[in-house]
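Chemist: Supplied in structure tokens, the structure appears directly below.
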Amino acid sequence: MVRDTTLPDVVPKSHRTPARETTNKLFSLSGRTIVITGAGQGLGITLTAAVLEAGGNVACLDILCEPSKSEWSSLQRTAKASAFHVSYHKCDIANEDEVRRVLGDVDIVTQRLGAPFYGLVVCAGIQQQMPALEYAAADFERILRVNVTGTFLTAKHAARIMIKNGVQGSIIMIASMSGNQGIDVIQG
């Protein structure tokens with residue numbers, strides 16, 4: 001019988017396990033490409049900087065024709081200094097054909113880079129605050145197309161690419177706290 005307070009005669013050398021890696025290595029995205037939606041400004045472009053800092057390449061998607069100029073030039077300098085790749089793609093995530101095409105193009109580039117399409121961060125979303133009695137059905141439908149359908153489409157097509165490439169990556173979906181705020185019914 002062995003008691004828990006008694007040490008064995010021989011203590012084996014510890015094996016290197018993921019839990020024993022340095023924090024930097026545990027969270028490293030080295031040699032991987034992450035796609036981020038809503039990356040033309042705000043949270044998406046901020047997450048792009050975080051992925052670059054973690055050693056990853058980034059493909060940014062947004063409906064905007066071009067990203068925020070000052071933030072984008074900073075990201076490009078960071079990527080260049082570290083020999084990482086950052087790209088920007090205009091994409092309406094509510095349009096399935098466009099999502100399929102853009103993610104397919106990103107996959108081709110990642111294969112050339114030798115940095116597989118490893119993950120997706122979906123943070124594209126829209127919200128509109130106004131009194132519920134004035135909320136147009138078209139505006140509500142647009143929110144659903146982007147926030148719900150667009151999230152589903154990007155996750156679906158990213159997962160297809162990762163499965164095709166044999167990559168066990170990650171899909172992260174970010175939602176806004178605005179989804180928890182009630183629509184203002186009373187004007188005041």
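Chemist: Check R145, R160 and return the single one that is of a type in the set (D, E, K, R), over 30 Å from S28 (Cβ atoms) and in a helix (DSSP H, G or I).
Modeler: Of the residues listed, the single one that is of a type in the set (D, E, K, R), over 30 Å from S28 (Cβ atoms) and in a helix (DSSP H, G or I) is R145.
Chemist: Go through (1) β-branched (V, I, T); (2) free of Cβ contacts under 8 Å to residues at least 12 places away in the same chain; (3) crowded, with 16+ Cβ neighbours inside 10 Å and name the single condition V99 misses.
Modeler: (2)
Chemist: Considering the stretch 120-138 alone, what residues qualify as being of a type outside the set (A, V, I, L, M, F, W, C), assigned to a loop (DSSP other than H, G, I, E, B) and more than 16 Å from V148 (Cα to Cα)?
Modeler: Correct list: Q129, P131, Y135.
Chemist: Would you please name the residue that is surrounded by the most Cβ atoms within 10 Å (Cβ to Cβ), looking only at residues in the stretch 65-96 that are touching a strand residue (DSSP E or B) at 6+ places or on another chain (Cβ under 9 Å) and hydroxyl-bearing (S, T, Y)?
Modeler: Going through the qualifying residues, I end up with Y88.
Chemist: Another question, then. Would you mind finding the one in T33, T37, T46, T17 that is modelled with pLDDT of 95 or more, farther than 19 Å from G150 by Cα and not aromatic (F, W, Y)?
Modeler: Answer to the check: T33.
Chemist: Tally the residues that are hydroxyl-bearing (S, T, Y), assigned to a helix (DSSP H, G or I) and within 19 Å of S170 (Cα to Cα), restricting the search to the stretch 76-119.
Modeler: So the answer is 1.
Chemist: Given the criterion under 20 Å from I163 (Cβ atoms) and either surrounded by 19 or more Cβ atoms within 10 Å (Cβ to Cβ) or over 15 Å from the mean Cα position of the chain (by Cα) (or both), identify the matching residue among T110, T149.
Modeler: T110
Chemist: Restricting attention to the stretch 141-152, which residues are within 10 Å of T37 (Cβ to Cβ) and not β-branched (V, I, T)?
Modeler: Residue satisfying the conditions is G150 alone.
Chemist: Same structure again: Does G150 satisfy the condition of being within 14 Å of V99 (Cα to Cα) and modelled with pLDDT of 95 or more?
Modeler: yes
The values are calculated or read from the model by the stated rules, or taken from the named source; none is laboratory data. Computed from a predicted model, the values in this text were never measured in an experiment. Glycine also receives a Cβ, built like all others from the backbone with ideal geometry; neighbour counts cover every protein chain displayed.
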